[in-house]
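In what follows, a single structure is set out as structure tokens and then discussed.
The values are calculated or read from the model by the stated rules, or taken from the named source; none is laboratory data. As the structure is a computational prediction, the values presented were derived from the model and not from experiment. Ideal geometry is used to build each Cβ from the backbone, glycine not excepted, and the neighbour counts take in all protein chains shown.
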Amino acid sequence: MPSNLPQLLFFSSLLVPLYTATSANRWYMCSTSNSTTGDTYRSNLQHLLRSLSSASVPTGFSAQSRGRPPNQVFGSALCRGDVSQNECQSCLSSAAKDMPRFRPLSRSGALWYDTCFLYYSTSINVTSSSKDNDTITLKKDRWFADDEGQNASNPRFAVLLADLMAGLTKRAAYGSALLFATGEVNVTSSERLYGLVQCTRDQSDDDRNQCLQQSTEFLSPNYPRSAGGETLAYSCYMRHAMYAFYNESVGAAPPPPPVLVSVAYSNPPLSRGKESGKLNRGMVILILCSLVIFSAIVFCLWRRRTCLKLSSKFYI
């Protein structure tokens, strides 16, 4: 039995009235306090949710506000980085319709689907760095067994998971335009571990890194034997599983750059064209010189023979 079980039970008891699973792929959280306003607030919230569901589609994220105090409401929407615009639109439209049904006058609420997230609040500007980063963890009831019959609590699995999530956290927080990263690692010869992390775009690089690190720190010690798990926060999302639950062509690490091999030359090599030209000129010069020399020899021999004939005639 885990040593931190009392703390987990206490934390869970705080979440029971706030956090509810509505289906296999839909989770929501809302505040226990209701807004004291009525029609004006409800109208602002409905307009905000509809606006967020459409404004987020082109880029996958949007943060907006609607109305004036005390009826002002802030909101943000995020689509998972590997889904199409049509999937994003469909997911957020469903979320915008579902959100008011849970607690219509709640001061704040959040709704997580597998491929999108919708959040609103009357008291917190979602574009502020002071936004609440409380993390809620979902345990996946699937146990992992490797070739030796051990479960996912073995040190090898824990190290692989920690290294995978650490690498994805760094890429999403500091090296991705979409603040989204996916990756995988071999656990055995026949099984792979898949991971995905994503952050909202209304925070600094360091804040994103902190949110993902807190998610990792909360998930790993609380559910060390779970081969699948996810953390849901207002500013970041993290999930791992023993199957590919995302589009593997999106968010993967770029391939390493090609290795350049430098070749040292004592003298710069001549291009084929220049080398061929020099060879042709050399051959022409050599042939001309040979012809001149041959002609000179023939001329000398002819002169000598002519002189000898004239001399013999003269003495006869």
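Output yes when any residue across the range 99-122 is under 17 Å from residue 50 (Cα atoms), touching a Leu at 6+ places or on another chain (Cβ under 9 Å) and charged (D, E, K, R), and no when none is. No. Of all residues in the range 140-181 being in contact with a Lys or Arg (Cβ under 6 Å, 6 or more places away or on another chain) and within 19 Å of residue 241 (Cβ to Cβ), which is modelled with the lowest pLDDT? Only one residue tops the list, namely 151.
Considering the range 72-96, and only residues there that are surrounded by fewer than 19 Cβ atoms within 10 Å (Cβ to Cβ) and either outside any helix (DSSP H, G or I) or in contact with an Asp or Glu (Cβ under 9 Å, 6 or more places away or on another chain) (or both), the residue that is modelled with the lowest pLDDT turns out to be 72.
Select from the range 165-175 the residues that are surrounded by fewer than 19 Cβ atoms within 10 Å (Cβ to Cβ) and farther than 14 Å from residue 203 by Cα and list them in ascending order. Those that are surrounded by fewer than 19 Cβ atoms within 10 Å (Cβ to Cβ) and farther than 14 Å from residue 203 by Cα: 166, 167, 170, 175.
Taking the condition of being of a type in the set (Ser, Thr, Tyr) and farther than 24 Å from residue 57 by Cα, how many residues in the range 175-222 meet it?
Matching residues across the range 175-222 total 7.
For the range 57-77, what are the residues that are in contact (Cβ under 8 Å) with a residue 40 or more places away in the chain and closer than 17 Å to residue 88 by Cα? Across the range 57-77, the qualifying residues are 60, 61, 63, 75, 76, 77.
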